[in-house]
Amino acid sequence: MKFKYEVEGGNFAKAGNASSEVKKIMKQLNVPPPIIKRLVVALYEGEVNVVAHAWNGSIYLEIEPDRINVKIKDNGPGIPDIEQAMQEGFSTASQAVREMGFGAGMGLPNMKKNADQLDITSEIGIGTIVELVIFLNGEK
Ligand SMILES: Nc1ncnc2c1ncn2[C@@H]1O[C@H](COP(=O)(O)OP(=O)(O)O)[C@@H](O)[C@H]1O
Ligand SMILES: [Mg+2]
């Protein structure tokens, strides 16, 4: 089963909409709640990162018998130093974004914690691709 969602950069009012949709679908498919929780937390952080840091993006979700694959691909500024971006508390979010309650610098570390696999590739001035995998046998 495959799903695709579009994400608008800068639109904080809609941030989390795709993650909520995915949560509904997972419940309908009777995916175990702890797995849904990990997926939705990781996906939500990825979705918010597109809203906060990129221009627009797409989320591709694929459900396989033993795993859920998520790919978040954006058009955006890219991440110059991925290792630095992965550090807890590191954030380039603007003051305005922080005032809306985002930009704690915990998104990528949380994605790492919740996903079984996380892979980030980025090209400066082009965009970022975040791929994450969650195994349905509950590896974590
Ligand atoms: N999709 C993205 N495009 C560009 N930069 C990003 C993206 N995702 C994350 N980043 C960079 O990595 C940093 C850390 O991300 P994260 O841990 O989610 O913290 P936060 O979003 O709270 O700043 C961001 O501040 C930003 O500099
Ligand atoms: Mg973030």
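The values are calculated or read from the model by the stated rules, or taken from the named source; none is laboratory data. On a predicted model such as this, the values are computed, not experimentally measured, just so you know. Cβ: placed from backbone, ideal geometry, glycine included. Neighbour counts: every protein chain shown. Ligands, DNA and RNA are excluded from the accessible area calculation, which covers all protein heavy atoms including side chains. Shrake-Rupley method; radii C 1.70, N 1.55, O 1.52, S 1.80 Å.
Antiparallel DSSP bridges in the chain: what percent, to the nearest 5? Approximately 100 percent, going by the DSSP bridge assignments. For ALA54, the residues whose amide H sits under 5 Å from its own are GLY10, ignoring neighbours fewer than 5 places away on the same chain, with H placed 1.01 Å from N.
Packing, as the average of other Cβ atoms within 10 Å across residues, places the peptides 69-81, 49-61, 6-18 in the order 49-61, 69-81, 6-18, highest first. Share of carbon and sulfur in the accessible area of region 2-135 stands at 51%, probe radius 1.4 Å. Whole-Hz Karplus values for region 96-110 come out as 4, 5, 4, 5, 7, x, 10, x, 7, x, 10, x, 5, x, 5 Hz, taken residue by residue from phi with 6.51 cos²θ - 1.76 cosθ + 1.60 and θ = phi - 60°; glycine and proline positions read x. Please find the FRET efficiency linking PHE12 to PHE135, where r is the Cβ-Cβ separation and R0 is fixed at 30 Å, and quote it to the nearest 0.05. It comes out at approximately 0.45. With Cα atoms defining each centre, region 1-39 and region 78-140 are spaced 17 Å apart in the structure. Peptide packing for 83-92, 108-117 was compared via the average number of neighbouring C-beta atoms within 10 Å per residue; ordered from the highest value, the list is 108-117, 83-92. In terms of packing, defined here as the mean over residues of other Cβ atoms within 10 angstrom, the peptides 128-135, 39-46 line up highest first as 39-46, 128-135. Across the chain, the relative contact order, built from alpha-carbon pairs under 8 Å that are at least six residues apart, equals 27 percent. Tell me whether region 2-135 comes out rounded, prolate or oblate; compute the Cα gyration tensor, take square roots of the eigenvalues as a ≥ b ≥ c, and use a/c under 1.5 as the rounded threshold. Because a/c hits 1.5 or more and a/b exceeds b/c, region 2-135 counts as prolate. Computed per residue of the chain from DSSP H runs no shorter than four, each worth -39500 (n - 2.57), the mean residue ellipticity at 222 nm is -10500 deg cm²/dmol. Against the chain, whose longest principal axis is taken from its Cα atoms, helix 33-53 shows a tilt of about 20°.
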